[in-house]
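Structure record follows, encoded as structure tokens.
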């Protein structure tokens, strides 16, 4: 089985072009020596044609080598740009994930601080918490840390606790049940009236008031459109001509 051909990698192509240029250069040197040592005109012309051919081959090989080098530089630049774009995309995605993780923690402390503290104290504590949370965001394990763990860590560090309400201390004490005197309950007025009135008496009732809204008034319609004036009577065109003039057809009066 014949050996598999070598893969034309960029490194191998560069080496092949360089080797071809070296061979062409060696041929140019040999042709130059033949040209110098030519014994007659025919040998001189043959050596000159060989030198010209080898020089053209050398020039083309060098041009191919330079173009190949430029292409490799362009490929390397494109790869660097792609790598930079991928790195920037990854950094933006990581920053967005960190911001969302921090936002969940901020919302918790916004709710606790502004509900339980004065506005100035809450703002001061929140700014310190935000700075500390930004430091946490630079850690590689920040996204793997649960939100509850971050909240507990910041709560312990800044001693954020709900403020007890002092209004209960100023409230009046409740009376002792033993000192309370039972209050006499009065009969309702309707029951007292029923006890004094006889069975045949009928109490007057309040008149029923209709609370339904009044219907809206009838809409006022615009006056009807006046009739169109009668059309003017038809007059033939020859009768509308001034006296003495004739129709274009030549007919007169």
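Values quoted throughout were computed directly from the atomic coordinates according to the rules given, and no laboratory measurement underlies them. These figures come from a predicted structure and were not determined experimentally. We place every Cβ from the backbone using ideal geometry, glycine too, and count neighbours over all the protein chains shown.
Observations, loosely collected:
- The length gained on full extension between residue 63 and residue 157, counted as 0.36 nm times the residue separation minus their Cα-Cα distance, comes to 26.9 nm.
- Label sites at residue 135 and residue 38, each approximated as a point 7 angstrom past Cα along Cα to Cβ, lie 8.7 nm apart.
- Take the Cβ atoms of residue 53 and residue 91, set R0 to 51 Å, and the FRET efficiency comes out at 0.35.
- A full extension of the chain between residue 71 and residue 245 corresponds to an added length of 53.0 nm, given 0.36 nm per residue minus the alpha carbon distance.
- For the peptides 56-64, 221-229, the ranking by packing is 56-64, 221-229, with the highest mean count of neighbouring Cβ atoms within 10 Å listed first.
- Cβ-Cβ distance of residue 18 and residue 149, R₀ of 51 Å, FRET efficiency by 1/(1 + (r/R0)^6): the value works out to about 0.25.
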